[in-house]
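Below: the structure, in structure tokens.
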Amino acid sequence: MTDEASSSEKPWPVRVVSNKIAQWIGRLGWIWVDGQVAQVTRRPGTNTVFLTLRDPSADLSLTVTTNRDVVDLGAPNLTDGARIVVHAKPEFYAARGSLSLRADEIRQVGVGELLARLEQLKKLLAAEGLFARERKRRLPFLPHRVGLITGRAGAAERDVLTNARRRWPTVDFRVINVAVQGPSAVPQILDALAVLDRDETIDVIVLARGGGSIEDLLPFSDEALCRAVFACRTPVVSAIGHETDVPLVDFVADLRASTPTDAAKRIVPDLADEVRLIGQAKQRLDRALRGRLDREQHRLDALRSRPSVARPLTIVETRAADVSALRARATRNLVHRLDRAGSELEHTLARLRTLSPSATLQRGYAIVQRADGAVVRAPADVAEGERLRIRLAEGELGANAAS
């Protein structure tokens, strides 16, 4: 086992670990760091300024220590929520175990640079399909409950609630007030979005904020917020700023409203319009029904005016006459055929009588039969003394054959 391996098995004192971390961080040197100012602290009587620099896309912040002259030179109007870039050296205080930055130059990010970064992020999100039209969901016609994320007691909240309830008085809202600008805006909005998306009673979520500068609206172009809106199961409406303001969340949301007032018009129908439409539909239905009844009445009148309906017995009488004529014709044909068949039968009977043995017997002839019924045609057919039967026209005689 090597010395390094064996030494790693021994517990290190905290001061040793802290010193090693400080040495490693000290080797980083001077770096440029981008972030959003969460807090500016100027202590009276000193030239030291303390800044809390926050990562806009993560819940992470660092303390920046610098000189008042550095701030006045690079960002004289520095306020909370500003986006800055600092040239600083990371420092790890071993005694407290804390990490901070010591800055010698501060640059406030200009509007042009902000827009360029937003455009780059916009292209990235679009390439990943977050803006795809086919994934956007239609809003429900009449939501059971609406979730509203907006600033506390702001005009945006008043516009949404007032206009929505003016259009549909019974609409129900669950309002969550959050910071809508500054370093704490994105975490609060993300938390509120997660709460409303988990609420099974919420059918649509509205993000609403009044107008402002590009810096004020910057939280609504945050990458983490855009991805959270994309991942929501509940349809999301974006109503940020005025019509000309287009933060990135507008492209991700299922519906973009130009203003909070416009959002109120999009999420619920107008009761007066619906009543008017129902009245118009009822009128169209009445007209269609009356037209159908009129057409059917005309058809009935036309049918009733036909002779077959006006005088229904006429067709019966006509058919009865036809039936009578057919019956008479059939009777005549049947009688004629029966008469002809009777005549033919009489002629046949006459011929049969003429040719029958009975007629021959009537003329004086007789038929001689043996005992077994065979007809005797020659003397040789019987033996002497054989019993014979002689059939006459009027009966029979018995006799014995003689030679």
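Rounded to the nearest 20 debye, the dipole size of segment 155-268 about its Cα centre is 420 debye, using +1 on the Cβ of Lys and Arg and -1 on the Cβ of Asp and Glu. Among beta bridges identified by DSSP and lying wholly in the chain, the antiparallel ones come to about 70 percent. Between exposed GluC sites (Glu not before Pro) in the chain, where DSSP calls loop and at most 16 other Cβ atoms lie within 10 Å, what's the longest gap? Answer - 244-383.
With every protein chain in place and a 1.4 angstrom probe, the accessible-area ranking of Val70, Val275, largest first, reads Val275, Val70. When the surface is traced with a 1.4 Å probe over the full set of protein chains, Phe141 keeps roughly 140 Å² accessible.
Taking the C-alpha atoms only, the angle from helix 111-127 to the longest principal axis of the chain is near 30 degrees. With all protein chains in place and ligands, DNA and RNA left out, the 1.4 Å accessible area ranks Tyr93, Tyr365 as Tyr365, Tyr93, largest first. Based solely on its DSSP helices, what 222 nm [θ] is calculated for the chain when runs of n ≥ 4 H residues each add -39,500 (n - 2.57) and the sum is averaged over all residues, nearest 500 deg cm²/dmol? The helix-only estimate for the chain comes to -14500 deg cm²/dmol at 222 nm.
When nucleic acids and ligands are ignored and a 1.4 Å probe is applied, Asp203 ends up with an accessible area of around 50 Å².
Considering every Cα-Cα pair within segment 263-338, what fraction, in whole percent, is farther apart than 16 Å? That fraction is 75 percent. Excluding same-chain neighbours fewer than eight residues apart, the lysines reachable from Lys122 by a Cα-Cα span under 24 Å are Lys136. Ligands, DNA and RNA aside, Lys123 has an accessible area near 140 Å² when probed at 1.4 Å. Its Kirkwood hydrodynamic radius, worked out from the mean inverse distance over all distinct Cα pairs, puts the chain at 32.5 Å. Within the same chain, aspartates and glutamates fewer than 8 places from Lys123 are excluded, and of the rest, those with a Cα less than 15 Å from its Cα are Asp222, Glu223, Asp250.
The lysines within cross-link reach of Lys10, meaning a Cα-to-Cα straight distance under 26 Å and a gap of 8 or more places when in the same chain, are Lys20. Overall, segment 210-259 carries a charge dipole of about 280 debye about its Cα centre when +1 sits on the Cβ of Lys and Arg and -1 on the Cβ of Asp and Glu, all other atoms neutral. Across segment 187-199, coupling constants 3J(HN,Hα) worked out from phi with the 6.51/-1.76/1.60 Karplus curve, θ = phi - 60°, read x, 5, 5, 4, 5, 5, 5, 5, 5, 5, 5, 7, 6 Hz, and Gly and Pro carry x.
The values are calculated or read from the model by the stated rules, or taken from the named source; none is laboratory data. Quick caveat, the model's predicted, so the values are computed rather than measured. Because the Cβ atoms are built from the backbone with ideal geometry, glycine has one as well, and the counts that use them run over all protein chains shown. Ligands, DNA and RNA are excluded from the accessible area calculation, which covers all protein heavy atoms including side chains. Shrake-Rupley method; radii C 1.70, N 1.55, O 1.52, S 1.80 Å.
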